[in-house]
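Q: I'd like to ask some things about the structure below.
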Amino acid sequence: MIKNKKLFVASLALIVISIALNFPFPHENPLGEAALMILNIPIKSADGFHFTGVFILLLLVLGMVFLHRSLERYHLRSFFAVIIIVSLLPPFLAEAYQKTLADGIYAVSYVKDESLCKFEMISEETLQGICELPFENYSNDEVSFTIGFYERYLTEEDFQMLSLVNSGEPINVKLLPKEAKVVRIEKEIDLSQIQNHFESGEAAYVSIIIKSGDKNRKL
């Protein structure tokens, strides 16, 4: 079945590397993007060209070419098998790790697509922000952490919104073992020192950072 062992091993190595770079844990962004951000290497160009995604795709294509050339038969089956593995394995492994081996904040799941923040002016210089953030603790231990908010995409024309919730006292959260709950955060934000600001609005898919000691996760 295998006619060239060196090409076969090289193909597996490239496919495994592409899977690892696309692994969505411990942060929201895949490991490949997180590594580039740590090194201050841009992951996107000014016109939206996604360097990390293209690099991972090139590794995967090259790995599949090597795999095709290393096999005597089952070329089509191997092609579809690789596509399925690369698409489904990273999120499955991340979820399985969280539910079995992870501890501390690494065992905390954040349901981002159910999160929501609403903002409304309650006086001339005071903005009220109310956020609802769903979490689940998969571990058998109590987990405590703080929450910080950040703007995922902010251009010169945009107003600060989510990051305003960081003002004032730190936001502390405690999750009991195996507990799932929606954390409700209410903040009154002083806008007297902010010249240009919005008066009302809401944000879904809220971007947060959870921290515990020297550990943090960008979600």
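Q: How many percent of Cα pairs in the stretch 74-219 exceed 25 Å?
A: Tail of P(r) above 25 Å: 41 percent of Cα pairs.
Q: What does the accessible area of MET1 come to, in Å² to the nearest 10, when a probe of 1.4 Å is used?
A: The accessible area comes out at roughly 110 Å².
Q: Further question: Ignoring everything but the protein chains, give the 1.4 Å probe accessible area of GLU142 in square angstrom, nearest 10.
A: About 100 Å², ignoring ligands and nucleic acids.
Q: While we're looking at this one, here's another question. Any number yet on Rg/Rh for the stretch 69-133, C-alpha, Kirkwood?
A: When Rh is taken as the Kirkwood radius, the ratio is 1.36.
Q: A further question follows. Need one value: the accessible area of ILE84 in square angstrom, 1.4 angstrom probe, rounded to the nearest 10.
A: Number for this one is 100 Å².
The values are calculated or read from the model by the stated rules, or taken from the named source; none is laboratory data. Keep in mind the model is a prediction, meaning the values are calculated, not measured. Heads up: the accessible areas ignore ligands, DNA and RNA and are worked out on the full protein's heavy atoms, side chains in. Shrake-Rupley method; radii C 1.70, N 1.55, O 1.52, S 1.80 Å.
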